[in-house]
Amino acid sequence: MFGGTKDEDEGLPGPVVLSLVLLGAMFGMAAPADGGWWPAPAALVALAVQAVHCLPWTTRLRGAWTLAAQLLLAPWSGVPGFAAASVLLLVRRPVRWVLFALVVAGAAALAGDGGYRAANGASNALAQGLTVYALTRLFHLYAELHAARDQLAAAQVASERQRAARELHAAIGVPLAAILRLAADGDAAAVAATARRAAARVRATPEPPHPTPAPDGPMPAPVLPILVAVHLGYLAVGVFSLTGLDLNPLQLSFALGALTLVTGLQIHHSLPRPPGIRPPGHQWTWALQCILAIAVLFGPDGPHPQLLAFAAASALVLLPPAAGWPAFGAAVLTAGTVSGTAAVDVVTIALVYYGLTLLTTLVHRVREARRALAELAVARERRRIARDVHDLLGSGLTAIAVTAELALRERNPGHLPRAAALAERTLTELRAIPADHTELDLDRELVSAQALLAAAGIDLRLTGTPDTTPATARPLLAAVLREGITNLLRHSRATHCTLTLHPTGLRLTNNHPHPGPHHPGHGTPNLTTRATPHHATLTTGPHPPNHWTLAVTLPT
């Protein structure tokens, strides 16, 4: 489901840790509110059903019957928030929000007749339902994005190929169509001039620009509202708890102010941000959160350690793991000195907010990885298209120009059908380049090379046949042969050349070096790129006495 452990290798929690955070938060919700930490049997069953509704690999087990079971368990489990979360996860919009409101209202009715108890029951169900829903949706989104890391890259490559096809048609397809028309009219000069201009345009094409990052969309819309709603739900629960205590107005005002400020600071710490970005002034805001959380331990009417949960959650969110987890443990131990229920509250609330922030960060990280993969794939595709355009189309256009110029020099229009045939072949290759179907055939390239050299009056001495070369390396050897013949016709005044085909490669030598200083273009680097996957070695340069050699050597 998750495709690997790359995130764990980068120091990020993997699916096992995420599952434990989610299950730990739900276990704390299922713990009895009146003391103790082990859930009642009905609550344990509700927890198990909710795990089926939440974990990504239990999809086949969930359905209408598990939702019905969770709704039936709500009156006895003591955790109606599980039923509320299940409705949001399994029922389609917009009905699910109506059913969610009904479940919350039912939780208020089950809590008792008093206004305080009803409001407290509704607040708990609301906060728990939204929390479990948000954790689960982010968990599933992380799993889906992680499993589909390459889909964005594939879509961006397809878009790049469509763009390249349009540009190639305008830049090269139109001149090739004109060449075919001019060849049919017998205008050799126009054929040669058009081919030369198109070839110059191809060979002068600069390195493709660095692609812009592929858009991957913003964070899912419900994340921020749900994050705020969860905080407000816990704030409402705290307000109801404080108003139920026998506090004078001054004490109640201080307690409510501390609770509101600590919750606001927690929202500040938990808002979605890119990975590695901390909220402004987080050292001071966390310190203030800790001071207020500790201060209420010594407040009137006994200690209130629940605020320690917010400070513990912020420690996990803001501090490195080596410091965050010990701070979390210290908060749990401090709350445990008051009561076991307080310790459970600290664990539950801290894991809830840590899970929300962690999953939001992971979704950001996976999206960044998807964008990076897409950017890399597009850049690689642009380089591949540029290489094929140079090697295949540039060589084809040069061959057309050479053939048309021969027709002019020899006053022999019989060469023009050959130029038209070369234009047809180049058009076919033009259409194949964006689709990455451009592997060359060594037999056809050899026949074409023999015809071009013969038409140019260059004697070819051939040793070996394509059958003597490895089949898997023939597309590479065909590309090397095409580039070598093209450069020979463009740069050399050779009268004869030697071509050797053998089991370990190809060697092309002509009897005239490049005239004057030679400034290599993209041809040799492109051939080197093609040779690398075959672990082949490409060599080119002057070869005494007064010869030029191009060779590719395959590993034995």
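Among the residues making up region 236-271, a single one is surrounded by fewer than 17 Cβ atoms within 10 Å (Cβ to Cβ), closer than 27 Å to residue 135 by Cα and in contact (Cβ under 8 Å) with a residue 60 or more places away in the chain: 241. Only one entry of 364, 415, 390 meets the criterion of being in a helix (DSSP H, G or I), more than 16 Å from the chain's Cα centre (by Cα) and within 30 Å of residue 155 (Cα to Cα), and that entry is 390.
Taking the residues in region 141-194 that are more than 21 Å from residue 405 (Cβ to Cβ) and among the β-branched types (Val, Ile, Thr) as candidates, determine which candidate is surrounded by the fewest Cβ atoms within 10 Å (Cβ to Cβ). Checking each candidate, the answer is 174. Within region 455-464, the presence of a residue that is at pLDDT 85 or above, small (Gly, Ala, Ser) and at negative phi is excluded.
Just one of the numbered conditions (1) under 15 Å from residue 344 (Cβ atoms); (2) buried (at least 20 other Cβ atoms within 10 Å of the Cβ); (3) hydrophobic (A, V, I, L, M, F, W, C); (4) under 28 Å from the mean Cα position of the chain (by Cα) is not true of residue 22: (1). Residues considered: 341, 285, 334, 348. Of these, the only one that is under 30 Å from residue 142 (Cα atoms), at pLDDT below 85 and hydroxyl-bearing (Ser, Thr, Tyr) is 348. Of the helices (runs of 4 or more DSSP H) that lie entirely inside region 64-156, those containing 1 or more residues that are of a type in the set (Ser, Thr, Tyr) and in contact with a His (Cβ under 9 Å, 6 or more places away or on another chain) span 64-77, 80-90, 115-147.
Of all residues in region 418-454, exactly one satisfies the criterion of being modelled with pLDDT of 85 or more and in a loop (DSSP other than H, G, I, E, B), namely 441. Of all residues in region 76-120, those satisfying the criterion of being of a type in the set (Ser, Thr, Tyr) and without any contact (Cβ under 8 Å) to a residue 60 or more places away in the chain are 77, 86.
The values are calculated or read from the model by the stated rules, or taken from the named source; none is laboratory data. Since the model is a prediction, treat every value here as computed from it, not as a measurement. Here Cβ is always computed from backbone atoms with ideal geometry, including for glycine, and neighbour counts include all displayed protein chains.
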